[in-house]
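Shown next, in C-alpha cells, is the structure this report addresses.
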Amino acid sequence: MQVKRTPKTYDVCIIGSGASGGTAAKVLTEGGLSVALLEAGPPLVPERDYKEHVWPYELPHRGAGIGGRARQGLEDEFLAPNGAWEIEGEPYVAAPGSKFRWFRSRIVGGRTNHWGRIALRMAPVDFRVRSHDGMGDDWPLSYDDVAPYYDKIESYIGVFGSKENIPSAPDGIFLPPPKPRCTETIIKKACDHLNILCIPSRLAILTQPHNGRAACHYCAQCGRGCITASNFSSSQVMIPPAEKTGRFTLITGAMARELVVSKDGKIEAVSYIDKASREEKRVHARAFIVAASACESARLLLNSRSTLFPDGLANSSGVVGRNLMDTVGSDGGGYFPALEKMPAHNHDGVGGMHMYLPWWKFDRKNDFLRGYHTEFGGGRGMPGVGDYDDLCDEHEGYGASLKQECKKKYGTYIGFAGRGEMIPNENCYCEIDPSAVDQWGIPVLRFHWKWSDNEIKMAKDMQETYREITEAAGGIYLTATRPDGPNPHGIADGGVIIHEVGTVRMGEHAKTSALNQYCQAHDVKNLFVTDGATFVTNADKNPTLTIMALTWRASEYLLDQAKKGNL
Amino acid sequence: MPISRRDILKSLTLTAITGSVLRVIPLEAAEYAHRMVRAERAAAVNQIYAPKFFSAHFYKTLQSLCQTIIPSDDQAKGAMEAGAPEFIDLITSENKEYQVALGGGLMWLDNTCIDRYGSAYLDCTPQQQKEILDLIAYRKNAKQDPSLGQGIEFFGFLRKLTADGFFTSEIGIEYLGYIGNTFVKEFPGCPPVPEA
C-alpha cells in the first residue's frame, strides 16, 4: 500500500482540536502561519448536533437513550457530542489491581463542547509546591510568567466572576457574575456562619455580549451545546477565527498514529489513519503541536519509536506517560427542608454553578497537603430520567402519597462536589500495552493507578465539610461513605473527574522532564506538546484555563521562533 | 412545500457567518427555530403507540400498574396519560436485562396472583390487587416472607421507571412546577422566601 501525502508542507501541524489545539490554531494562524489541524472525530454542526431547549418528552427515550442505558451518567441524549467512556473499536486497558476510566473525545472542539466551563487560575503557590511543602516538583515557570496569558485568554473567551483577593484563588479579568439562585443563597449563608469562603463562581459563560457573541440567555443547558455560542467551546470560539484567516486546514476523521522523524532528528511528518478510507496518510510541516489530550498525546509519543528515539519521542528522560494525575473527587448531597417553601420560579441560570467554595484552609495546618475547591448545585432544575431513583427507594409504596412526596421534595436537594489536588506518585502512569491494538492498528494504552493517603484524607475532609455545611443550613446530609473499601470516603476512581494531566511534563531539566517552559520538547526542537500533559502538578483548579494560557504562551514563542527562522 | 426547520437553521447559520467571525445565531431567530422544533416533535408525539415489546395482555397490566404507582388526581393526570407505559415499553424493547426484569416481573405477578387468588393480576378484584401491591411495594416485607423478594425487586424497578416516565412528561413537569427552559435577558436570582 502506498502512503499518501498532502503535497503541501504546512508551517505547523496541530494534533487535536480541543481547548489546547483550538487555542494554538487561532494564535498561530492569526500570527501569519499556515496550519493543518488533525482531529480524530467528525466536524461539529451546532444546528444539527445541539439539543438546546428540547424537552425530555420531545424525545421518545426522554433522554434515557436507547435501552435506557443513559439513565444516569455523562452520556445522556441531550448532551452535545463530546466524548464517551468507551469508544467502539478503540479500547484501553487497566493493569491488574488498577481502576482507571478514560473519557475520550472524538469531535471538533473535543471535550470543550460540554465541559463545566469552570475557568480557575492556578495560584502563585500552585507553581511552587516543592518549595512550599517539599512534595512533588516546582514548575519551570511562575504565576507571573503565566498571568499575562490568563489575562489574554479570559479577555478573549469571556469569563464571569468577582474580585475577591483570595490568595488561593487569584482574580482574573471578569464579566459580572449572575445573581445567586436560592440554593446558592442558603449555602452561602451557612458558609458565612462556618467561616468557609463562598464566592461567585468563575465560568467561561457570557453575562454580557462579548467579542461578537451574544450574552447568555440563562437556560442552564451549556452541557447541551449553545447555539448562540454564549459559552466557550473550542469549536465555536477558537476554530472559526482560525478559519477566517484563510491559512487554516482542518482534517477530520484523522487518527494520528506516529510522528515521523527525519535523519536530522526533527519531526518531518505525522502519519495518520484516514478513518473514512482506512488509508495511511501523511501531513508534512515545519513544526508540530501535539494537543490530543494528556494520555492520547503520551500514547502518540510512545508509539513514535525510531532508531534515533527507541523509547519514543521526547522521552530520553523516561517521563512520558509518568506522573499521571487526575483530580481528587468526592461528592455528597443533602435534603434542605427550607427549599420546600420556595414558590415555583425560574431557577435555571447559566449552565453551571453561580457560586462556589474556593480552597479556604490555606492559612492553617491540615491533615493533608494542598487543597480543594467545592462545586455545588441542585434545586428546581429541569426534571430528567434517573432523578427520582433515590426518592423512590426511600419512600417506597405507590399512589397518591408517592406522587405528592415527589412534588414536595422537588428542588430541595443540593449536591456538593469536592475537587482537590492530587500529588503525583510512582504508581500512577500509562504505558503502551504490550499486546493490544485498536481497530486502526495503533497500540493502546495500559493504565496503572493508586491513590495515596494524602488524597484519601482530603476526601474525608470533603465529606465532613459537606455534612457540616448541610447541617448548618438546616438540612439532612444523605451521603454515606465508608473509610475503607475500593473508594474510601467516596473518592472517585482515577480518571473519573476527567482532569487527567501530567504525562509529558515540563521542567527545567531534560533529565527529569520532557518539555521546557514553552512546551517545547527538550529532545526535538520542532515538537511541542501543549495540552494537560504538560502539567507538573494538578492544582485544585480545573485544568482547562491553564491549558489554554500555556498554549497561548507556547504559540507566541513558536511564532517568535518562526520569525527568527528557527523552525 | 413548507419550509423545514433545517432550512431555517441552515439559513440562519449562513447569515450569521457572513456577519461575524463566529457561528452565532441571533437570540430571537434561535428562539423561533426552537419553537418550530418543538411543534414538529409535538406533532409526532400525538400518534397512537403500538407496543414494541410487551404483548397486549402484559402491556395492559403495565398500564394499570403505572397508573396505580402514579395515579391521576385533582392536580394532575397520572402516569398512563403522561406516556410512562410507552416510554417503558420502548426502552425495554431495546434492553435484554429490562426484558427479563420487567417481562419476567409481570409474569411473576400474574403467577403469584393465580396462586393466591385464582386469577391473573388484571382479573383480580381491586381489593386483591391492593393486597398484593401492598406486599411488594416495601422491602421490609421480604424479611417476613422471602418468597416476595422477586416481586419487591420488580416493583422497585418499575416504580423508578414510572417516575421517570411521569416526571419527564409535560404533565409531570407542570405538576412539579418547573419553570424554565426559556430565553431570559437577565437572571432574576432567588425570589424572596415567604414567611412561614
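Pairs linking a residue in the stretch B:58-73 that is within 14 Å of chain A (Cβ to nearest Cβ) to a residue that is of a type in the set (G, A, S) and not in a helix (DSSP H, G or I), with Cβ atoms under 6 Å and 6 or more positions apart or on different chains, are B:C66/B:A79; B:Q67/B:G78; B:Q67/B:A79; B:I70/B:G78; B:I70/B:A79; B:P71/A:G399; B:P71/B:G78; B:S72/B:G78. In this structure, does A:I239 turn out to be at pLDDT below 95, buried (at least 20 other Cβ atoms within 10 Å of the Cβ) and within 13 Å of another protein chain (Cβ to nearest Cβ)? In short, no.
Each residue in the stretch B:60-78 was checked for being more than 14 Å from B:L109 (Cβ to Cβ) and assigned to a helix (DSSP H, G or I), and 1 pass.
Considering A:E396, A:E375, A:E426, A:E405, the condition of being within 22 Å of A:F535 (Cα to Cα) and charged (D, E, K, R) is satisfied by A:E426 alone.
Across the stretch A:53-63, the qualifying residues are those that are crowded, with 23+ Cβ neighbours inside 10 Å and not small (G, A, S), and the one among them that is farthest from A:A229 (Cα to Cα) is A:R62.
Let's see how each residue does on (1) within 13 Å of another protein chain (Cβ to nearest Cβ); (2) over 17 Å from A:A64 (Cα atoms):
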{"position": "B:L90", "(1), (2)": "yes, no"}
{"position": "B:G104", "(1), (2)": "no, yes"}
{"position": "B:T112", "(1), (2)": "no, yes"}
{"position": "B:K130", "(1), (2)": "yes, yes"}
{"position": "B:F187", "(1), (2)": "yes, yes"}
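Scanning the stretch B:143-152 turns up at least one residue that is surrounded by 16 or more Cβ atoms within 10 Å (Cβ to Cβ), outside any loop (DSSP other than H, G, I, E, B) and touching a residue at least 40 places away in the same chain (Cβ under 8 Å).
Which count do you get for residues in the stretch B:157-185 that are under 30 Å from B:R116 (Cα atoms) and within 7 Å of chain A (Cβ to nearest Cβ)? Qualifying residue count for the region: 3.
Just wondering, is there one or more residues in the stretch A:105-112 that are within 14 Å of another protein chain (Cβ to nearest Cβ), in a helix (DSSP H, G or I) and of a type in the set (A, V, I, L, M, F, W, C)? No; the residues of the stretch A:105-112 include none that is within 14 Å of another protein chain (Cβ to nearest Cβ), in a helix (DSSP H, G or I) and of a type in the set (A, V, I, L, M, F, W, C). If you check A:G502, A:G494 for being touching an Asp or Glu at 6+ places or on another chain (Cβ under 6 Å), farther than 30 Å from A:H193 by Cβ and surrounded by 17 or more Cβ atoms within 10 Å (Cβ to Cβ), only one passes: A:G494.
Restricting A:L301, A:L250, A:L259 to those that are crowded, with 19+ Cβ neighbours inside 10 Å and touching a strand residue (DSSP E or B) at 6+ places or on another chain (Cβ under 6 Å) reduces the list to A:L259. Restricting attention to the stretch A:286-305, which residues are within 28 Å of the chain's Cα centre (by Cα) and in a strand (DSSP E or B)? Result: A:A287, A:F288, A:I289, A:V290.
Screening A:T249, A:T228, A:T245 for residues that are at pLDDT below 95 and either of a type outside the set (D, E) or more than 30 Å from A:H354 (Cβ to Cβ) (or both) leaves exactly one candidate, A:T228. Residue check: A:V45 meets all listed conditions (1) at pLDDT 95 or above; (2) surrounded by fewer than 23 Cβ atoms within 10 Å (Cβ to Cβ); (3) within 14 Å of chain B (Cβ to nearest Cβ) but one, namely (1). Do we find that A:G420 is over 22 Å from A:D387 (Cβ atoms), surrounded by 18 or more Cβ atoms within 10 Å (Cβ to Cβ) and modelled with pLDDT of 95 or more in this structure? So A:G420 fits the description; yes. Quick one: in the stretch A:185-223, of everything that is among the hydrophobic types (A, V, I, L, M, F, W, C) and without any contact (Cβ under 8 Å) to a residue 60 or more places away in the chain, which residue is nearest to A:Y466 (Cα to Cα)? Restricting to residues being among the hydrophobic types (A, V, I, L, M, F, W, C) and without any contact (Cβ under 8 Å) to a residue 60 or more places away in the chain, the top hit is A:L206. A search for C-beta distances below 8 Å between a residue of the stretch A:119-146 that is surrounded by fewer than 21 Cβ atoms within 10 Å (Cβ to Cβ) and any residue that is aromatic (F, W, Y), counting only pairs 6+ apart in sequence or on different chains, returns A:P124/A:Y143; A:V125/A:F362; A:R128/A:W139; A:D138/A:F127; A:L141/A:F127; A:S142/A:F127; A:Y143/A:F127.
Candidates in the stretch A:375-410 are the residues that are under 25 Å from A:G329 (Cβ atoms) and more than 8 Å from chain B (Cβ to nearest Cβ); of these, the one that is surrounded by the fewest Cβ atoms within 10 Å (Cβ to Cβ) is A:E394.
Out of curiosity, is A:P96 out of contact with any strand residue (DSSP E or B) (no Cβ under 9 Å at 6 or more places or on another chain), modelled with pLDDT of 95 or more, under 29 Å from A:N427 (Cβ atoms) and not in a helix (DSSP H, G or I)? Criteria met by A:P96. What is the number of the single condition among (1) of a type outside the set (S, T, N, Q); (2) within 30 Å of A:Y388 (Cβ to Cβ); (3) surrounded by 17 or more Cβ atoms within 10 Å (Cβ to Cβ); (4) touching an Asp or Glu at 6+ places or on another chain (Cβ under 6 Å) that A:I66 does not meet? Of everything listed in (1) of a type outside the set (S, T, N, Q); (2) within 30 Å of A:Y388 (Cβ to Cβ); (3) surrounded by 17 or more Cβ atoms within 10 Å (Cβ to Cβ); (4) touching an Asp or Glu at 6+ places or on another chain (Cβ under 6 Å), A:I66 misses just condition (3).
The values are calculated or read from the model by the stated rules, or taken from the named source; none is laboratory data. Since this is a predicted model, take the numbers as computed values, not measurements. Don't worry about glycine lacking a Cβ; one is built from the backbone with ideal geometry, like all the others, and counts go over all protein chains shown.
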